[in-house]
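Q: Please see the structure below; I have some questions.
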Amino acid sequence: MGINFFEQSPVLQSLQPVIDGSRNVRTNTDAIERVASWMAYEEFGIPGGLLQFDMGHDVDVLADMIMLANSLNFAYTDFDTSVKFEVEYQGRRFVDADGMAASFDKAWRAGVPILTGEWMANLTRPELARIFAGNIEMPMLDERVAVLNAMGEVLVERFDGRFSNWVRSCDRAIFANGNGLLERMRVDFPRFNDVTMYDGHEVQFFKLGQLALWGLHAMYVHLGQPGLRDLHRMSAFADYIVPVALRVMGVMEYSEDLDGRINRGVEIPRDSLDEVEIRAHALYGTALLTEACNRRRPEDLQLVIPQIDYRLWSRYHVTHWPHHLTRTIMY
């Protein structure tokens, strides 16, 4: 019958008060079955992510880059103009997260020591602005510098200046009696502690933390190593783009008022009821969609939620359909 992801994921379990109490967002379960009726028969794999740039096969270098990139994997759209950050690199155009990855790859190849805690701890705004030279100034540049400064200090003080040392100090699992990667991440690096309150209930999202672990899992698989042993406990990644994909497909539905504000580019405040409902229903709908697809797939072709997440994100991250705008370092 497939995995019941809601029984496995603490993140999904934390969403129920939001799903039950939502004012302006709802999930259309009929639409989920309709979408699954054709999406279930597509081909799914493990995306390469940062591995689209050939950085070799050194597991420590790759882990360092994955953790660095996901530390800053948020807010690529200008809040005033709605223009997305993009760069030209190696004869191609890279947009939003891909643009950041391309920028880091270019800097790394030029010899900038971006993978070291010392570099992060002492990074200045002008230095990061040069790395992210693109069509617009990278949004929230000051916040990005502050994130790297804080994380660099932790890496230098506790992990000999490298994210890869931190990764090796954890179990190769999301949850492992306190020593799982996600469990450790939210404690060792508070910028990953992506939780909020909704009507008195703590709601967990952990967007960047889980996305980093999905990247590590993909790296291990591509290198022929065992990946994370409990990937079925991972949710989707609550960002700007997955809600757009689900909205276009009819899986997520907004009130007329919320829909109008999003379409006009009105900022949705972080931790507001509307923002929490958008993110929660994106995770809820993606989990239900994954289960609906799995009911139509054979046992040896069962999917995990991040595969459906990537299917949605990869098709819609450059769409002209408006996404909600929230000023946050969490996504």
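Every number here is computed from the coordinates shown, using simple stated rules; none is lab data. All figures in this text were calculated on a predicted structure; none of them were measured in a lab. In this analysis, Cβ positions are derived from the backbone assuming ideal geometry, glycine residues included, and neighbour counts consider all displayed protein chains.
Q: Would you mind finding the one in Asp239, Asp300 that is out of contact with any Ser or Thr (no Cβ under 6 Å at 6 or more places or on another chain), within 30 Å of Asp54 (Cβ to Cβ) and among the acidic types (Asp, Glu)?
A: After applying the criteria, what remains is Asp239.
Q: If you go through the stretch 6-17 one residue at a time, do you hit one that is among the small types (Gly, Ala, Ser) and more than 30 Å from Gly180 (Cβ to Cβ)?
A: Within the stretch 6-17, none of the residues are among the small types (Gly, Ala, Ser) and more than 30 Å from Gly180 (Cβ to Cβ).
Q: Confirm whether Val156 is over 23 Å from Phe189 (Cα atoms), hydrophobic (A, V, I, L, M, F, W, C) and surrounded by 15 or more Cβ atoms within 10 Å (Cβ to Cβ).
A: no
Q: Which residue, of Glu143, Glu127, is farther than 23 Å from Asp60 by Cα, in a helix (DSSP H, G or I) and touching a residue at least 24 places away in the same chain (Cβ under 8 Å)?
A: Going through Glu143, Glu127 in turn, the sole match is Glu143.
Q: While we're on this one: For the stretch 232-255, check the following and say yes or no: at least one residue is surrounded by fewer than 15 Cβ atoms within 10 Å (Cβ to Cβ), farther than 25 Å from Gln13 by Cα and out of contact with any Gly (no Cβ under 8 Å at 6 or more places or on another chain).
A: yes
Q: Which residues, taken from the stretch 252-287, are in contact with a Pro (Cβ under 6 Å, 6 or more places away or on another chain) and among the polar types (S, T, N, Q)?
A: Result: Asn263, single match.
Q: What number of residues in the stretch 19-76 are touching a residue at least 40 places away in the same chain (Cβ under 8 Å), assigned to a helix (DSSP H, G or I), charged (D, E, K, R) and surrounded by fewer than 13 Cβ atoms within 10 Å (Cβ to Cβ)?
A: 0
Q: Only residues that are touching a Phe, Trp or Tyr at 6+ places or on another chain (Cβ under 8 Å) and not acidic (Asp, Glu): list them for the stretch 260-277, please.
A: Of everything in the stretch 260-277, those that are touching a Phe, Trp or Tyr at 6+ places or on another chain (Cβ under 8 Å) and not acidic (Asp, Glu) turn out to be Ile262, Leu273, Val276.
Q: Which ones in the stretch 289-305 are assigned to a helix (DSSP H, G or I) and surrounded by fewer than 19 Cβ atoms within 10 Å (Cβ to Cβ)?
A: Selection gives Glu299, Asp300, Leu301.
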